[in-house]
1. Using only Cα atoms, locate the centre of the range 326-378 and the centre of the range 207-232, then give the distance between them in Å, rounded to an integer.
2. Positive end of the dipole of the range 304-387, charges at C-beta (+1 Lys, Arg; -1 Asp, Glu), about the Cα centre: which of 349, 332, 368 has its Cα farthest in that direction?
3. Note the listed values (i) 47, 22, 18; (ii) 38, 26, 20; (iii) 35, 26, 19, then indicate which one is semi-axes √(5λ) of the Cα gyration tensor in Å calculated from this particular structure.
4. Provide 334, 61 in ascending order of the number of other Cβ atoms located within 10 Å of each residue's Cβ, fewest first.
5. Using the Cβ atoms and a cut-off under 12 Å, what net charge is assigned to the surroundings of residue 89, where Lys and Arg are +1 and Asp and Glu are -1?
6. Determine, for 308, 360, the number of other Cβ atoms within 10 Å of each Cβ, and report the residues in order from fewest to most.
7. Can you classify the range 161-243 as rounded, prolate or oblate using the Cα gyration tensor, where a ≥ b ≥ c are the square roots of its eigenvalues, rounded means a/c under 1.5, and otherwise it's prolate if a/b beats b/c and oblate if not?
8. Would you mind working out the magnitude of the charge dipole of the chain relative to its Cα centre, with +1 at each Lys and Arg C-beta and -1 at each Asp and Glu C-beta, to the nearest 20 Debye?
Amino acid sequence: MPHFYAKKIDHISYPVSKDGFLLSCVARNIKYDNDDLILMRYMDSYFFFMQQNRGDRVLVKYNKHLQYHSINDIKMALQTYMELCNADVLFHNLNTKKNKKSTNSYLLSPNKESISKLYKQSKRISIEIGFGSGRHLLDLAQKNKDIVFLGIEIYNPAISQVLNQIQLLNLDNLYIINADCRILFNILDSHSIDSIYLHFPVPWDKNPQKRVFSREFLKECERILKVGGFLELRSDSKEYFDYAIDISNDFNAFEIHTSINSQTSIISKYEARWQRQNKDIYEAKFILNNFKDFIDIVESNFDFTSVDIHKIINSNDLKLLGDKYFLHIKHIYKFKDGYILFILFGAFNAPSKIYLLVNDNGSIEVLGNIINTQINMQALQLMKKWSK
């Protein structure tokens with residue numbers, strides 16, 4: 001992640017702007033004196049830097065909890081901050097590439113409005129989850145121009161790399177969303193997707209609750225796939241593969257085809273690595289062969305003005321539990337004109353993250369994306385009920 005170390009930095013007055021970047025405020029963690037949060041705004045976007053004292057040096061780094069699509073912009077913002085605070089720099093990794101063109105049009109927001117554009121563009125939509133370097137996804141998009149492809153990824157470097165390739169290859173049928181698929185799938189229309197690719201997910205053999213593949217995931221795949229559509233799983237982990245097959249035995253809607261070491265038209269860097277190690281590659285294709293009616297639940301946005309924010313701020317490490325969901329006020333930061341709250345919420349196995357910027361004048365700004373799923377809304381309601 002972009003960062004720099006400095007012997008010392010000067011204090012600056014906020015807000016301050018330079019080169020198009022606006023440093024809005026600096027906020028200090030009310031529990032930890034050496035943990036500061038700096039809010040940076042650029043054009044219509046925003047992200048945070050974390051600033052921490054590390055003995056005889058200061059570390060300033062990008063806070064990845066608020067995902068931002070351009071690492072190049074983040075590096076330039078950190079360079080701007082270095083100049084404004086006269087940082088006596090010891091080390092940095094902020095070298096940038098000049099004249100990078102914007103790829104924003106291919107990066108979609110994780111909401112129903114953005115996704116609805118895909119439905120209008122094509123009757124056929126395909127998804128790849130955790131596309132990594134993007135070899136497989138880019139190959140599919142180049143060879144199938146009549147299909148719209150959606151890549152879902154949580155890692156920013158992978159997103160930046162594939163966004164650049166989309167532009168270089170002049171693809172107009174491939175889009176990217178920065179989100180956890182286990183959350184995003186909840187807002188996709190029923191029977192709207194032709195195919196889903198899940199290739200080489202992290203096995204999480206020691207923490208199976210973190211796996212993408214689960215009963216809840218397969219249930220959502222059953223809902224969003226068209227009849228005749230499929231979910232394709234490829235894995236080098238026999239334990240993960242057997243686990244997925246075992247779960248699928250509870251679903252009568254899928255016809256399942258399995259194979260070992262089947263050939264594909266394009267090989268990912270991970271698959272190439274496993275082949276060099278002579279590891280077996282396991283594949284399962286789950287084909288939906290039964291139609292079932294589903295009711296698409298559209299949740300409304302949560303109204304934070306209905307919450308007693310000051311009671312929340314005065315709480316101490318607030319943790320609230322529901323049946324299948326939770327809410328945790330993990331950190332509270334104080335700045336000159338208010339507070340910043342870091343909130344984890346949602347499903348236990350797929351939590352969401354947001355920040356709330358609470359000004360002393362009563363205004364509240366949500367920083368981050370709230371995917372309006374039923375379970376996310378229920379989790380946020382816990383905060384409302386508790387603060388009454």
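1. Rounded to whole Å, the Cα centres lie 28 Å apart.
2. 349
3. (ii)
4. 334, 61
5. +1
6. Ranked by crowding around the Cβ, least crowded first: 360, 308.
7. Cα axes put the range 161-243 in the oblate bin.
8. My answer is approximately 700 debye.
The numbers here are math on the coordinates, done by the rules we state, and not lab data. Quick caveat, the model's predicted, so the values are computed rather than measured. Every residue, glycine among them, receives a Cβ derived from its backbone with ideal geometry; neighbour counts consider all protein chains shown.
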